[in-house]
Amino acid sequence: MDQQLQLVENDELVALEQAWKQSLGLLAPGINRPSFESFFKTAKPLSVEGKTIAIGAASELARIFLEKYSEMVKTALEASLGQPVDVIFSVIKPVEKKPGRPADVRATKAPARVVSSISLPLNEKYTFPNFVIGPCNRLAHAAAQSAAGNPGKVYNPFFLYGGPGLGKTHLLQAVGHSILELHPRLSVAYVSGEMFTSHYVAALREHKSEEFRKKYRSIDVWLFDDIQFLVGKERTKEEFFHTFNDLYQMNKQIVLSSDRSPRDLSPLEERLKSRFESGLVVDIAPPDLETRIAILQSKAESEQAEVPFQILECIAILIQTNIRALEGALVTVLAYTSLMKVPLTVETAQEILSRYVIEKKFTDLTPDAVQRAVAQVLQVDVDDLRSEKRQKDLVMARHTAMYLSRELTRCSLNVIGKAFGGRDHATILHACKRIKTLMEKDPEVNTTIEQLIHDLKTGKL
Ligand code: ADP
Ligand code: MG
């Protein structure tokens, strides 16, 4: 009987592991890629008890990060399992290393490629050989290769921009890999706007800004991903500016990425924009059909899956603008057909993809979630948003949250009013009007709010 119980438990765990894999496929499009690789991919489902699923994070930092996305994780697991669940997170205890047999010693020797201590890890798949070239990205690819071949000498800074999921992070990290290979002595730091901001805020809080500055001055290659994240963050922007100048003056290679051109980073100051424009600025456009098919072919190959051309074509026709979504669609189709044991045909692919609406699901927002996001981004206390306090910054944040609740949730004015400490509908309408006017007049407000809308819609917040 014990044995039987064990079997049932094992079956449950296997099912859970499969569901987790599928959930990762669903979650990937909504999460910043380096964070996804560092925190989600390293997490594991640990147990299921009744409705409650425990997910183990690889570190305390990873757990904090996963908690931030707990609603999304819950939704994805529910979609994969087809039933409601609760999710809790804990930290996986590291396995103690066995005392050194020679083989172990060799295995734990420093890897060939070492990034600087302030760098996020580089994804081993984001290399030049894995990058499919098409008319949309040819120039960006060529420039990135040149920059990697002659760091600090040819294109400095190199500014790469384009919509989400078009390969900016991939190219930035490919530069990193390539430099580490060609110039192993150079210290490479791949940093995202989000990570730089958290590093800097933590350094300020812990009175370690000097140490922070020193570390950033010691790198030779600065790969800075998602610079648009700094818009509206005055102190971090200032710090970025000084770091940038110092590294630039020392002829260190700087590569930046952004979801828009330097010109459109309007609230970033002129002095920064003109520095970006003094180097090489290149955009990546959405891929055409042939390139999309080629990317899917390469992805299927790397997954060692044999997928008929018609199916790749079908996916490439349906998903046009985002390569991350394109890959996610292929993974979902493959996962679904293997889990459900249905044949891989154009019809099934189409049917699965018509249900591939996970992003939409995440826009099912509540005023509560909007308040939390606004509080986080504008750095105010979420309880204060619901209070009567009238400091200027707070009122602005409160009005922003009211406006976004009106725009993005399906709640009535009364329900929104209740969520803000029992205010009436006229107050909400007044706030919406004020924010709309401000957005028209003030580009900085406009960008901050557009970014919030984008991040809320895609589940980043
Ligand atoms: P971005 O940073 O522009 O949002 P990413 O670099 O994260 O986009 O790319 C999203 C996904 O698409 C990644 O898995 C990346 O490897 C893949 N990808 C993007 N462009 C290409 C390409 N030209 N060839 C192969 N894969 C690509
Ligand atoms: Mg990116």
Which of the residues spanning region 274-305 are open to solvent by less than 20 Å² (accessible area, probe 1.4 Å) and under 18 Å from Asp226 (Cα atoms)? Phe276, Val282, Ile284
Selection count where residues are under 20 Å from Leu452 (Cβ atoms), out of contact with any Leu (no Cβ under 8 Å at 6 or more places or on another chain), open to solvent by 30 Å² or more (accessible area, probe 1.4 Å) and of a type outside the set (D, E, K, R), scope region 392-414: 1
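Enumerate the helices (runs of 4 or more DSSP H) found wholly within region 111-212, keeping only those where 2 or more residues are at pLDDT 95 or above. Can you show your working first?
Details: elements: 138-149, 168-182, 193-205.
Per the criteria, 138-149, 168-182.
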Looking at region 451-459, can you tell me whether even one residue there is open to solvent by less than 80 Å² (accessible area, probe 1.4 Å) and over 21 Å from Glu71 (Cα atoms)? no
Counting only residues that are surrounded by 24 or more Cβ atoms within 10 Å (Cβ to Cβ) and away from ligand 2 (no atom under 16 Å from the Cβ), region 180-193 contains a total of 1
Select, from Gly167, Gly152, Gly163, the only residue that is away from ligand 2 (no atom under 16 Å from the Cβ) and in contact (Cβ under 8 Å) with a residue 12 or more places away in the chain. Gly152
Is it fair to say Pro308 is at pLDDT 90 or above, more than 14 Å from ligand 1 (Cβ to nearest atom) and either of a type in the set (A, V, I, L, M, F, W, C) or open to solvent by 30 Å² or more (accessible area, probe 1.4 Å) (or both)? yes
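For region 255-345, which fully contained helices (runs of 4 or more DSSP H) count at least 1 residues that are under 19 Å from Gly193 (Cα atoms) and without any contact (Cβ under 8 Å) to a residue 12 or more places away in the chain? Spell out how you get there, then give the answer.
Numbers: elements: 270-277, 289-302, 309-318, 323-340.
Ranges flagged: 270-277.
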Applying the selection to region 213-222, what residues are in contact (Cβ under 8 Å) with a residue 60 or more places away in the chain and either in a helix (DSSP H, G or I) or within 16 Å of ligand 1 (Cβ to nearest atom) (or both)? Lys215, Tyr216
Filter region 136-149 down to residues that are open to solvent by 10 Å² or more (accessible area, probe 1.4 Å) and touching a residue at least 60 places away in the same chain (Cβ under 8 Å) and give me whichever is nearest to ligand 2 (Cβ to nearest atom). Cys136
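Determine whether Ser257 is at pLDDT 90 or above, within 16 Å of ligand 2 (Cβ to nearest atom) and among the hydroxyl-bearing types (Ser, Thr, Tyr).
Values: at pLDDT 90 or above: yes; within 16 Å of ligand 2 (Cβ to nearest atom): yes; among the hydroxyl-bearing types (Ser, Thr, Tyr): yes.
So Ser257 passes the test.
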Looking at (1) among the acidic types (Asp, Glu); (2) within 16 Å of ligand 2 (Cβ to nearest atom); (3) at negative phi, which is the only condition Asp226 fails? (3)
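For Leu408, indicate whether it is touching a strand residue (DSSP E or B) at 6+ places or on another chain (Cβ under 9 Å) and either charged (D, E, K, R) or in contact (Cβ under 8 Å) with a residue 24 or more places away in the chain (or both).
Numbers: touching a strand residue (DSSP E or B) at 6+ places or on another chain (Cβ under 9 Å): yes; either charged (D, E, K, R) or in contact (Cβ under 8 Å) with a residue 24 or more places away in the chain (or both): yes.
Yes: the conditions hold for Leu408.
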Selection from region 232-241 of residues that are in contact (Cβ under 8 Å) with a residue 12 or more places away in the chain and either open to solvent by 20 Å² or more (accessible area, probe 1.4 Å) or within 16 Å of ligand 2 (Cβ to nearest atom) (or both): Gly232, Lys233, Arg235
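Return yes when Ser261 is open to solvent by less than 70 Å² (accessible area, probe 1.4 Å), among the hydroxyl-bearing types (Ser, Thr, Tyr) and out of contact with any strand residue (DSSP E or B) (no Cβ under 6 Å at 6 or more places or on another chain) and no when it is not.
Numbers: open to solvent by less than 70 Å² (accessible area, probe 1.4 Å): yes; among the hydroxyl-bearing types (Ser, Thr, Tyr): yes; out of contact with any strand residue (DSSP E or B) (no Cβ under 6 Å at 6 or more places or on another chain): no.
Against the criterion (open to solvent by less than 70 Å² (accessible area, probe 1.4 Å), among the hydroxyl-bearing types (Ser, Thr, Tyr) and out of contact with any strand residue (DSSP E or B) (no Cβ under 6 Å at 6 or more places or on another chain)), Ser261 does not qualify.
Would you mind finding the one in Ala375, Ala369 that is under 24 Å from the mean Cα position of the chain (by Cα) and open to solvent by less than 20 Å² (accessible area, probe 1.4 Å)? Walk me through it before giving the result.
Details: Ala369 fails: open to solvent by less than 20 Å² (accessible area, probe 1.4 Å).
Exactly one of Ala375, Ala369 is under 24 Å from the mean Cα position of the chain (by Cα) and open to solvent by less than 20 Å² (accessible area, probe 1.4 Å), namely Ala375.
The values are calculated or read from the model by the stated rules, or taken from the named source; none is laboratory data. What you see is a predicted model, and the numbers here were worked out from it, not measured in a lab. Counting neighbours? That spans all protein chains shown, and the Cβs are built from the backbone with ideal geometry, glycine included. Accessible surface areas use protein heavy atoms only, side chains included; no ligands, DNA or RNA. Shrake-Rupley method; radii C 1.70, N 1.55, O 1.52, S 1.80 Å.
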